[in-house]
Amino acid sequence: MRPWERWTFHVLSLAVTTSGFAYLWMKYFVQSEDPFALVNHPWQSSMLQVHVLASPPFILVFGIILNSHIMRKLRATGVPHRKSGWVSLATFAAMLSSGYLLQVVGSETWLSRLVAAHVASAGLFTVSYAGHLILSATAVRQRSAVPVREVG
């Protein structure tokens, strides 16, 4: 994986995750003092806009990483951190599917189910992706640590 792919995916995942959870908090956990308010927080619509606008580039970069990193790792044998990668891949698929369906569903029942599925899969993706990054960074540090021998 090229460095620009890695850092672009990190930045976009941070933008999508932060704006998504901020929107969730503002929509469902903040109560407006104005009983006639259309939004619960002044930034609620901005967080939704950031989330919706950052998601397509996030998905595009995921597709690039799917080609340059994920498929290569899936074909290889004896690769470490495969479980965290599989969980990240599966939860990304669930998060992507539920996010797209949220935009077109008309039934209130299905809407609430899709919101729950989207939030759950996004939370699991965030945790599994962070764990995957931590495990990978630890492995890289261990591989690059070369023991120093004293001379003499």
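The values are calculated or read from the model by the stated rules, or taken from the named source; none is laboratory data. Note that this is a predicted model, so its numbers are computed, not measured. Positions of Cβ are generated from backbone atoms using ideal geometry, with glycine treated the same way; all protein chains shown enter the neighbour counts.
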Failed item in (1) assigned to a loop (DSSP other than H, G, I, E, B); (2) in contact with a helix residue (DSSP H, G or I) (Cβ under 8 Å, 6 or more places away or on another chain); (3) assigned by TED's automatic domain parsing to the domain that holds Pro3, with Ser55 passing the rest
(1)
Result of the Cβ filter at 7 Å on segment 58-87, keeping first residues that are in the same structural domain as Leu14 (by TED's automatic domain parsing) and surrounded by 12 or more Cβ atoms within 10 Å (Cβ to Cβ) and partners that are at pLDDT 90 or above and acidic (Asp, Glu), at least 6 apart or interchain, is Val61/Glu5; Ile64/Glu5; Ile65/Glu5; Ser68/Glu5
When you check Thr126 against the structure, is it crowded, with 17+ Cβ neighbours inside 10 Å and closer than 23 Å to His10 by Cβ, yes or no?
yes
Name the residue, out of Arg143, Arg113, Arg72, that is assigned to a helix (DSSP H, G or I), under 21 Å from Ser13 (Cβ atoms) and of a type in the set (Lys, Arg).
Arg72
Restricted to segment 1-39 and to residues being without any contact (Cβ under 8 Å) to a residue 12 or more places away in the chain and among the acidic types (Asp, Glu), the residue surrounded by the fewest Cβ atoms within 10 Å (Cβ to Cβ) is Glu33
Residues (over 22 Å from Ser112 (Cα atoms) and not hydrophobic (A, V, I, L, M, F, W, C)) located in segment 22-66
Glu33, Asp34, Pro35, Pro42, Pro56, Pro57, Gly63
Tell me, yes or no, whether segment 40-49 has at least one residue that is under 16 Å from the mean Cα position of the chain (by Cα), exposed (fewer than 13 other Cβ atoms within 10 Å of the Cβ) and not assigned by TED's automatic domain parsing to the domain that holds Arg143.
no
Arg143 vs. criteria free of Cβ contacts under 8 Å to residues at least 12 places away in the same chain, surrounded by 13 or more Cβ atoms within 10 Å (Cβ to Cβ) and basic (Lys, Arg):
no
